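Here is the structure we will look at.
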Amino acid sequence: MDRYHKRGMIYIIISIIGIVIELFFSKGIDYTVLILWVGVIGIGIIVMLMFKDPHKKR
């Protein structure tokens with residue numbers, strides 16, 4: 001795992017925690033917040049798949 005893969009996983013994990021908090025622990029579900037968390041998950045996936053570590057030895 002290179003550092004971009006780790007960062008992407010961190011983004012995804014934090015986003016899933018945010019979605020769970022929004023769905024189960026808030027009084028009213030704000031769909032704008034859910035869309036933003038899904039966007040962060042998308043960013044995490046893009047970071048994992050598109051960026052490569054230039055210092056990583058092959």
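The values are calculated or read from the model by the stated rules, or taken from the named source; none is laboratory data. The model shown is predicted, which means the values in this text are computed figures rather than measured ones. All Cβ positions, glycine included, derive from the backbone under ideal geometry; neighbour counts span all protein chains shown. Side chains are part of the model used for accessible areas, which takes the heavy atoms of the whole protein and leaves out ligands, DNA and RNA. Shrake-Rupley method; radii C 1.70, N 1.55, O 1.52, S 1.80 Å.
Below are the figures for this structure:
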| read-out | value |
| --- | --- |
| Lone unmet requirement of (1) open to solvent by 90 Å² or more (accessible area, probe 1.4 Å); (2) outside any loop (DSSP other than H, G, I, E, B) for Met48 | (1) |
| Region 16-35: number of residues that are in a helix (DSSP H, G or I) and either closer than 21 Å to Lys6 by Cβ or out of contact with any Ser or Thr (no Cβ under 9 Å at 6 or more places or on another chain) (or both) | 13 |
| Members of region 6-42 found to be closer than 29 Å to Lys56 by Cα, surrounded by fewer than 14 Cβ atoms within 10 Å (Cβ to Cβ) and at pLDDT below 95, listed by number | Lys6 |
